[in-house]
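Structure record follows, encoded as structure tokens.
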Amino acid sequence: MKSIYSILTICFFLGLGLISCSEEELEKREASGDGKHLQITISTTPSRVSTPMTKATKEDTERVNDLSVLIYDNSGNLIQEESKYYSTNGDNEGLSDLSGESTDDNEVSHTYTIPIEPGDKKVYLLANAGDVRNVLGTEESVKKYSVGLNGLDPQLVMFAGGQSFNVGNGNSQVSARLVRIYSMLTVQVNTGNLNSGVVITPLSLQLKHIPNQGYVTAPNKIGSNSVECVEEGTIIEAGNSSDFLKEGHDQAIPLFLYENMQGNGNNTGVHKDDESYKTPPTITEATKDREISGKDRTCSYIELIAKYSGGESKTDGAVS
């Protein structure tokens, strides 16, 4: 297929953050309590999803269907009687408060008050993963925990890392922000800089080489921590849409995937300012030849297929 990167501008937008979850997502609040309860104020990160039209919708990314509050003792063992599970199918306290659109100016939140015995402990939070109290019996198991794909889509899991507390010492309040372990990507095609007579019609957009699972704490990348490559990811096709991929990012059809933290690509030498030459780190020489870069199975990428017609050569055909 013909390469058209020199005449076709493709704009990418990453939303929902490629964020590594860490203890920074939980903040200790200095406040005295009764020595018998822990207060956890939970909020969600602002959503950047505008009008998704794939299997994962805007409402899906904002919804908290269940929440596990995991309390571990000083030895790293789960305290079952103090850990809690909230679900829309059972005790649903606070879930409706957490299910909504957070913005930079107005975060949705809820404060839970949980009976706790004094002692040095840590709290972790996991949302939309089901009741994991019988799965994550130790703090070490949290650090090794991952979830798989739902078909080709990531599970919409959110997480907040461990924060130490001791209600007996007056440290009885914690603030937590749930962070998504997946990301959203949108593509906008700009055909305004084409040569006279050239027409580019986008036909399909597909994720390639996506991670088959997402870790909540460990670095998530293909080739490490048993994360494997799925060759063919979600595909979106134009159908009868004349505006496919040509509208702004706020109207673009999004794709979702687990983060793939491979580091910076190769883009040096005479092509260092040309993003179309950015190449996976394992390939030493920068290239925009898809046949070469596509052989690297550790890096995720997007394949755009379009119809090319017109121009001085009067040729028609598919391009990618």
*So which trypsin sites (Lys or Arg not before Pro) in the range 180-274 end up in coil per DSSP with only 13 or fewer other C-beta atoms within 10 Å?*
Lys272
*Distance check, please: which entries in Lys36/Lys121; Lys246/Lys288; Lys122/Lys221 exceed 20 angstrom between their Cα atoms?*
Lys246/Lys288; Lys122/Lys221
*20 Å reach of a label modelled at Ser241, 7 Å along Cα-to-Cβ, counting backbone N of the range 176-217*: 183-192, 200-208
_Contour minus Cα-Cα distance for Val199 and Ile283 (0.36 nm per residue)_ = 27.0 nm
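Between Asn92 and Glu140, what's the calculated FRET efficiency when r is the beta-carbon distance and R0 is 35 Å? Round to 0.05. Before the final figure, lay out the partial values.
Details: r = 30 Å, r/R0 = 0.86.
Computed FRET efficiency for Asn92 and Glu140: 0.70.
Loop-only check: which chymotrypsin sites (Phe, Trp or Tyr not before Pro) in the range 171-270 are DSSP coil with at most 15 other Cβ within 10 angstrom? Walk me through the numbers before you get to the answer.
Details: sites: Tyr182, Tyr215, Phe244, Phe256, Tyr258; in loops: Phe244.
When the chymotrypsin sites (Phe, Trp or Tyr not before Pro) of the range 171-270 are filtered for loop state and at most 15 Cβ neighbours within 10 Å, nothing remains.
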*Ignoring ligands, DNA and RNA, what accessible area per residue does the range 91-174 give at 1.4 Å, in Å²?*
43
*asked:* Given contacts defined as C-alpha pairs under 8 Å and at least six residues apart, what's the relative contact order of the range 135-285, whole-number percent?
replied: 26
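The values are calculated or read from the model by the stated rules, or taken from the named source; none is laboratory data. Please read all numbers here as calculations on a predicted model, not as lab measurements. Quick reminder, even Gly has a Cβ in these numbers, built from the backbone with ideal geometry, and neighbours come from all protein chains shown. Side chains included, ligands, DNA and RNA excluded: accessible areas come from the protein's heavy atoms. Shrake-Rupley method; radii C 1.70, N 1.55, O 1.52, S 1.80 Å.
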